[in-house]
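The values are calculated or read from the model by the stated rules, or taken from the named source; none is laboratory data. Owing to the predicted nature of the structure, the values given are computational and were not obtained by experimental measurement. All Cβ positions, glycine included, derive from the backbone under ideal geometry; neighbour counts span all protein chains shown.
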Amino acid sequence: MSDPMNTANISIELRNICQEYPAPNGQAPLRVLDDINLTLDKPSITMLLGPSGCGKSTLLRMMGSVRPLGVPTPTRGEVLINGVPCDGPHDDVVMVFQRYANRPDLTVWDNVAFPFTLKLWRDRFKRTEWQAMVEQALLDVGLSDKKNMRPAQLSGGQNQRVALARALVLRPRILLMDEPFGALDAQTRTETQLLLTELHRTHPCAVVFVTHDVSEALLLGDRVVVLSSQPAKIADDFEISEPRPRSATWRRSSEAVRLEERILDHLHAAGQGQVRITV
Ligand SMILES: Nc1ncnc2c1ncn2[C@@H]1O[C@H](COP(=O)(O)OP(=O)(O)O)[C@@H](O)[C@H]1O
Ligand SMILES: [Mg+2]
């Protein structure tokens, strides 16, 4: 595994990415992504927004080499990690999904330790080493006292923290998150957003975070990338310099309101009907 503190030379680059999916009944293929060029080369949080169905998950899965069965991915273009074309799972990249993907039959501890049941990771560490990494990840997400419980005994927020711990236990330099807090109630979402802010401060890595929540993008993002409707191109790409955690006062500031309107204009231009704004 890479040196976790060495985040200086991390980069993920999408070059001229196009993605098409085959259509049923011999119709023309569905073009979802159209010539996307994007470079992430800092241990920062990039928020990815766009209309529902525009291809956000397609793009994120492509960055994580999670391939749909039987569909060549990408149709055209290249994904480069640290300057090297990447066509399979990469040690530096880990994904977190909305539905946690926790194993119901395993305890919290075993869910977090799951990567070390795979030869790839088990062979790299002594048993005592990876066990200490699991304990630390549980401590980081505040679940040490729940380690013997099973997912069904935990709340949604706690389940998402198990998924976060399982991702962070590998100390990834690139963390891909697909609407990770979308299933959480408002208060739990706020708590988990704060936890992510804190984890990112202590373990900096390049996060790409898909959301359809404009406020979440403004609260968490160092950078905001907005995709247009299908076939998706990059409609906007800007930075937010306000340090985290961002206060309610900043959220009401003219700068934040202007940025919110800027994102909403793109989503409305794309005919987005389901924009969520939380305050
Ligand atoms: N494996 C697949 N096969 C065919 N079409 C797909 C597949 N995955 C996604 N799509 C289509 O691609 C488009 C973009 O999907 P997705 O990337 O999930 O969008 P988003 O995450 O922005 O909502 C949608 O029209 C969806 O139906
Ligand atoms: Mg999606």
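Scanning the stretch 43-67 for residues that are touching a residue at least 12 places away in the same chain (Cβ under 8 Å) and more than 15 Å from the chain's Cα centre (by Cα) yields Pro51, Ser52, Gly53, Cys54.
Summed over the stretch 40-98, residues that are among the polar types (S, T, N, Q), on the phi > 0 side of the Ramachandran plot and either within 16 Å of ligand 1 (Cβ to nearest atom) or surrounded by 19 or more Cβ atoms within 10 Å (Cβ to Cβ) (or both) total 1. All of (1) crowded, with 17+ Cβ neighbours inside 10 Å; (2) in a strand (DSSP E or B) hold for Asn16 with one exception: (1).
Note on the stretch 137-184: among residues that are small (Gly, Ala, Ser), within 15 Å of the chain's Cα centre (by Cα) and in a loop (DSSP other than H, G, I, E, B), the one that is surrounded by the fewest Cβ atoms within 10 Å (Cβ to Cβ) is Ala183. For residues in the stretch 99-111 being surrounded by fewer than 19 Cβ atoms within 10 Å (Cβ to Cβ) and not charged (D, E, K, R), which is farthest from ligand 1 (Cβ to nearest atom)? It comes out as Thr107.
Note on the stretch 67-78: among residues that are touching a Lys or Arg at 6+ places or on another chain (Cβ under 8 Å) and not in a loop (DSSP other than H, G, I, E, B), the one that is farthest from Ile174 (Cα to Cα) is Gly77. Scanning the stretch 65-80 turns up no residue that is modelled with pLDDT of 95 or more, of a type in the set (A, V, I, L, M, F, W, C), assigned by TED's automatic domain parsing to the domain that holds Ala206 and within 15 Å of ligand 2 (Cβ to nearest atom). For the structure I just gave you, tell me whether Val224 is in contact (Cβ under 8 Å) with a residue 24 or more places away in the chain, over 21 Å from His90 (Cα atoms), touching a strand residue (DSSP E or B) at 6+ places or on another chain (Cβ under 8 Å) and more than 16 Å from ligand 2 (Cβ to nearest atom). Criteria met by Val224. Please verify whether Ala137 is in contact with a Pro (Cβ under 7 Å, 6 or more places away or on another chain), over 30 Å from Arg15 (Cα atoms) and not basic (Lys, Arg), treating the condition exactly as stated. Considered against the rule, which asks whether it is in contact with a Pro (Cβ under 7 Å, 6 or more places away or on another chain), over 30 Å from Arg15 (Cα atoms) and not basic (Lys, Arg), Ala137 comes out as no.
Being at pLDDT 95 or above, more than 22 Å from Leu184 (Cα to Cα) and among the polar types (S, T, N, Q), is that true of even one residue in the stretch 253-260? Yes, the conditions are met somewhere in the stretch 253-260.
Within the set of pairs 6 or more residues apart or between chains, which connect a residue that is without any contact (Cβ under 8 Å) to a residue 60 or more places away in the chain inside the stretch 190-212 to a residue that is surrounded by fewer than 21 Cβ atoms within 10 Å (Cβ to Cβ) and of a type in the set (Asp, Glu) with Cβ atoms less than 8 Å apart? Close Cβ pairs satisfying both conditions: Leu199/Asp140.
Where helices (runs of 4 or more DSSP H) sit wholly within the stretch 188-279, those with at least 2 residues that are crowded, with 18+ Cβ neighbours inside 10 Å occupy 214-220, 254-269. The residues of the stretch 24-38 that are closer than 12 Å to Thr58 by Cβ, among the aliphatic types (A, V, I, L, M) and touching an Asp or Glu at 6+ places or on another chain (Cβ under 9 Å), listed by number, are Leu30, Val32, Leu33. Would you check which residues across the stretch 19-66 are assigned to a strand (DSSP E or B) and hydroxyl-bearing (Ser, Thr, Tyr) and list them? Passing the criteria: Tyr21, Thr39, Thr46.
If the condition is being in a loop (DSSP other than H, G, I, E, B) and either among the acidic types (Asp, Glu) or free of Cβ contacts under 8 Å to residues at least 12 places away in the same chain (or both), then the stretch 87-123 contributes Asp87, Asp91, Asp92, Asp105, Leu118, Asp123.
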